[in-house]
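S.K.: Sharing a structure with you now.
None of the figures in this text is laboratory data; all of them are computed from the coordinates on show. Source: prediction; values computed, not measured. Cβ atoms come from the backbone with ideal geometry, glycine included; neighbour counts cover every protein chain shown.
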Amino acid sequence: MELRAFAEQVLFSDSLDRKLVRPTSPLTDAVPGEAVRVKKPHRPNNLQFAPRRTAPPMPKGAAFGVPKKRAVAHHIMANHELQAMEVMAMVLLAFPDAPSDFRTGLADVMFDEQRHTKLH
């Protein structure tokens, strides 16, 4: 699979499951294509970005003893992992002329972020 196709899968899929599919074949960077600037990733309807200053804050300390607060923390961390993966996909599309080693390194980190997202 081409790095570009993997980045597009992560950025443009409306399915969280599809965003989290790791390629089964080795990634190549033979056809990076033209630079594409994306303002925001596609997201499933149930994972849309909250309006500014409306998302709950990360619970602290003793709050982790409360199941609902732990659930908020898990949600925040999963979203953080997903956003990291999406930002790296944006970089892959925006900078097709970056060194291939750098680009494949980003994909390796994206694999970690996929795995981390699945943990939450």
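S.K.: Name the long-range amide H neighbours of Glu2: under 5 Å, sequence gap of 5 or more, or other chain; modelled H, no Pro or chain starts.
M.R.: Thr28
S.K.: Could you pull out the chymotrypsin sites (Phe, Trp or Tyr not before Pro) across region 1-74 that fall in loop regions by DSSP (anything but H, G, I, E, B) with no more than 14 other Cβ atoms inside 10 Å?
M.R.: Those that pass, being in a loop and sparsely packed, are Phe49.
S.K.: Which whole-Hz couplings ³J(HN,Hα) result when phi for each residue of region 29-43 is put into the Karplus expression 6.51 cos²θ - 1.76 cosθ + 1.60, θ = phi - 60°, listed in order with x for Gly and Pro?
M.R.: 10, 7, 10, x, x, 7, 5, 10, 9, 10, 6, 7, x, 6, 9
S.K.: Limiting things to C-alpha atoms, what are the Rg and the maximum Cα-Cα separation (Dmax) for region 48-89, in angstroms?
M.R.: According to the Cα coordinates of region 48-89, Rg and Dmax are 11.9, 36 Å.
S.K.: Step by step: find N for region 28-120, compute 2.2 N^0.38 Å, then divide the Cα radius of gyration by it. What's the final number?
M.R.: Values: Rg = 16.4 Å, N = 93, 2.2 N^0.38 = 12.3 Å.
Compactness ratio reported: 1.33.
S.K.: Trypsin sites (Lys or Arg not before Pro) within region 17-120: which are DSSP loop residues with at most 13 other Cβ atoms inside 10 Å?
M.R.: Arg37, Lys39, Arg52, Arg53, Lys60
S.K.: A further question follows. Going by a ≥ b ≥ c, the root eigenvalues of the Cα gyration tensor, does region 12-66 fall in the rounded group (a/c under 1.5), the prolate group (a/b larger than b/c) or the oblate group?
M.R.: Numbers: a/c = 2.72, a/b = 1.91, b/c = 1.42.
Prolate, since a/c reaches 1.5 and a/b exceeds b/c.
S.K.: Next up: How many nm is it between the label spots at Ala35 and Asp97, if each spot is 7 Å from the Cα in line with the beta carbon?
M.R.: The modelled label-to-label distance comes out at 0.7 nm.
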